[in-house]
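J.: Sharing a structure here in structure tokens format.
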Amino acid sequence: MTHEDFLDLKERVGWGEEFLIYHNEIGYWISRNKDGVYFTRNHDGFTQEFSNSDELFENAKLGDKYLKELWGEIDW
């Protein structure tokens, strides 16, 4: 994913769109409902919960790294 794609993803999640993204061939769902925004690892359901999309993109982690640090390694 390019940095421009990552910024587009952030914007679209902020609008309410949901996405399945991949890192190291592992799928992660970015979803939302009235209670918040969720970052869920597809294969085991491990979920990180956030109050909004800005918080997700600031604090979501894949292992010991933040999502915002890994944009160049993410596919969608």
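Where a number appears in this text, it was derived from the coordinates with a stated rule and is not lab data. Predicted, not measured: the structure shown is a model, and the values here were computed from it. Don't worry about glycine lacking a Cβ; one is built from the backbone with ideal geometry, like all the others, and counts go over all protein chains shown.
J.: Beyond 14 Å, what percent of the Cα pairs of the chain remain?
T.: Tail fraction, whole percent: 56.
J.: So, counting K/R as plus one and D/E as minus one, what does the shell of residues with Cβ under 11 Å around ARG32 add up to?
T.: Working: positive: LYS34; negative: GLU17, GLU18, ASP35, GLU49.
Taking every Cβ under 11 Å from that of ARG32, the sum is -3.
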